[in-house]
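What follows is a set of notes on a single structure, which appears directly below.
The numbers here are math on the coordinates, done by the rules we state, and not lab data. Being a predicted model, the structure only gives us computed values, none of them experimental. For neighbour counting, all protein chains shown are included, and Cβ atoms are generated from backbone atoms with ideal geometry for every residue, glycine included.
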Amino acid sequence: MSESPDDDAKQLLLGFNEKVTRLEHTKFYTRYKDELPSVVMQFDRLDSVTPAPGDSPGSVHLNLKGYVRIALEQFDQDEIDAFVLTYRMLTQDSDRYSVRNLARLYQEPWIDDEARQRLDEARAEIRAVMESDSKVDFGEGWVQTRKIVEVVTYGALAHSNLQKEQLFKEWTSNPSQAAMIWAEYMGTLRLLMRYFLYIRDLNSVILCNVFNVSPPEHLLRSIEDHQAD
């Protein structure tokens with residue numbers, strides 16, 4: 001460990017923040033930062049309609065059976081490709097700018113204990129997201145979110161892993177099933193961005209306090225408002 005901050009540490013913090021800012025400005029995140037991808041469901045064939053008593057007097061539930069087609073509105077894989085190109089740098093453990101590599105830097109003695117704790121909490125929340133169950137079930141139980149992210153990222157978008165590529169093709173052979181997979185994947189990327197933005201703010205505070213790098217405007221306003229109170 002380094003007893004004092006050096007330029008390598010500064011460049012890592014700056015580099016991570018630059019990658020997050022690049023993600024923030026992608027078309028994918030700009031479009032979905034405030035809303036989830038729209039999923040459209042359409043009955044191609046309606047086989048039967050069975051009425052059932054509703055939850056309140058006079059109401060009726062209708063049980064519909066038939067073939068449903070599911071699609072994503074304005075789906076643009078090129079936008080996702082551009083996002084994932086940078087996203088991988090923050091999530092591949094071997095990359096210089098990965099969250100895990102950043103966590104090693106936060107173990108340095110000159111890093112504030114509160115900043116270290118907040119990064120640990122953010123990483124724990126990221127793990128919780130990835131280890132949660134998705135809303136996709138192929139008949140064997142809910143697929144873990146991490147599995148969907150890894151199969152789509154490394155089986156379709158990034159350097160292909162043969163096993164993941166085959167699984168991705170199997171999952172997406174049905175167009176409606178493919179829409180469900182992409183919806184889960186896009187929703188997870190959108191959620192993970194919240195944590196990347198939060199970690200960027202943690203880095204910005206360290207850069208300001210240790211390296212005298214001016215914080216971004218939104219943090220500056222927050223500091224000024226706090227001082228005014």
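With runs of 4+ DSSP H residues as the only contributors, calculate the mean residue ellipticity of the chain at 222 nm using -39,500 (n - 2.57) per run, divided by the residue total and rounded to the nearest 500.
Helices in the chain give a 222 nm mean residue ellipticity of -19000 deg cm²/dmol.
Which number gives the lysine pairs in the chain that have C-alpha atoms under 22 Å apart and are eight or more places apart or on different chains?
10
To the nearest 20 debye, what is the magnitude of the charge dipole of the chain about its Cα centre, counting +1 on the Cβ of each Lys and Arg and -1 on the Cβ of each Asp and Glu?
680
Semi-axes of segment 105-194's equivalent ellipsoid from the Cα gyration tensor, sqrt of 5 times each eigenvalue, largest first, rounded to whole Å?
With the √(5λ) rule applied to segment 105-194, the semi-axes are 32, 14, 10 Å.
Would you work out which of Val99, Ile181, Ser214 lies farthest towards the positive end of the dipole of the chain, given +1 charges on the beta-carbon of Lys and Arg and -1 on that of Asp and Glu, about the Cα centre?
Sorting the options by dipole projection puts first Ile181.
List every DSSP H helix in the chain whose Cα atoms extend 30 Å or more along the helix's own long axis and whose mean Kyte-Doolittle hydropathy is at least -0.5.
Once both thresholds are applied, what remains is 175-211.
Return the Cα extents of segment 62-151 along principal axes one, two and three, sorted largest first, each rounded to a whole Å.
Here the spans come out as 63, 29, 22 Å, largest first.
Starting from a Cα-only point model with no solvent, please compute log10 I(q)/I(0) by Debye for the chain at q = 0.07 1/Å.
Summing over Cα pairs of the chain leads to -0.32.
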